[in-house]
1. If you place +1 on the Cβ of every Lys and Arg and -1 on the Cβ of every Asp and Glu, how big does the dipole about the Cα centre of the chain come out, in debye to the nearest 20?
2. Full extension from residue 1 to residue 67: what is 0.36 nm times the residue separation minus their Cα-Cα distance, to one decimal in nm?
3. For P(r) over Cα pairs in 5 Å bins from 0, in percent, several values are listed as [x] 3, 18, 30, 26, 14, 7, 2, 0; [y] 3, 15, 19, 18, 15, 11, 9, 6, 4, 1; [z] 3, 13, 18, 19, 17, 16, 8, 4, 1, 0; flag the one computed from this structure.
4. What do you get for the angle between helix 25-46 and the principal long axis of the chain? Use alpha-carbon atoms, 0 to 90 degrees, nearest ten.
5. According to a simple spin-label model (label point 7 Å from Cα along Cα-to-Cβ), what is the distance in nm between residue 13 and residue 27?
6. Under 14 Å from the Cβ of residue 31, count the other residues' Cβ atoms, weight Lys and Arg +1, Asp and Glu -1, and hand me the total.
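Bear in mind that the values in this text are calculations on the coordinates, not laboratory data. The structure presented is a predicted model; accordingly, all values stated were derived computationally and were not measured. Glycine gets a Cβ as well: all are built from the backbone with ideal geometry, and neighbour counts include every protein chain shown.
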Amino acid sequence: MPQFFFEITNGITLEDPTGLWCDDEADAKVKGIIIAKRVAKVEAEIGGPPRHISVRDDHGREVHSIVVRERPQPLKSR
């Protein structure tokens, strides 16, 4: 099972030092959407600039980028 990292970015990156083990890139994308929904709840309470979740594989390559909003949708896939 590969390891993926879920960084929160908005011009400044909050790195994910531990990551999650996922079945594959599709599973990592699903987990990224779940994380984006949780971040959106906090963002609604505190406000701030738009954020997105950068999903990276264990080589540091971005495999998905998910916009944080009320109903997160994938921004792009690589």
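1. Computed about the Cα centre, the dipole is about 360 debye.
2. Values: separation 66, 0.36 × 66 = 23.76 nm, distance 2.54 nm.
In short, 21.2 nm is gained.
3. Correct label is [x].
4. Taking Cα atoms only, the helix is inclined about 20 degrees.
5. Distance between label points: 2.4 nm.
6. On the way: positive: 29, 37, 38, 56; negative: 7, 16, 23, 24, 25, 27, 57.
With Lys, Arg at +1 and Asp, Glu at -1, the net is -3.
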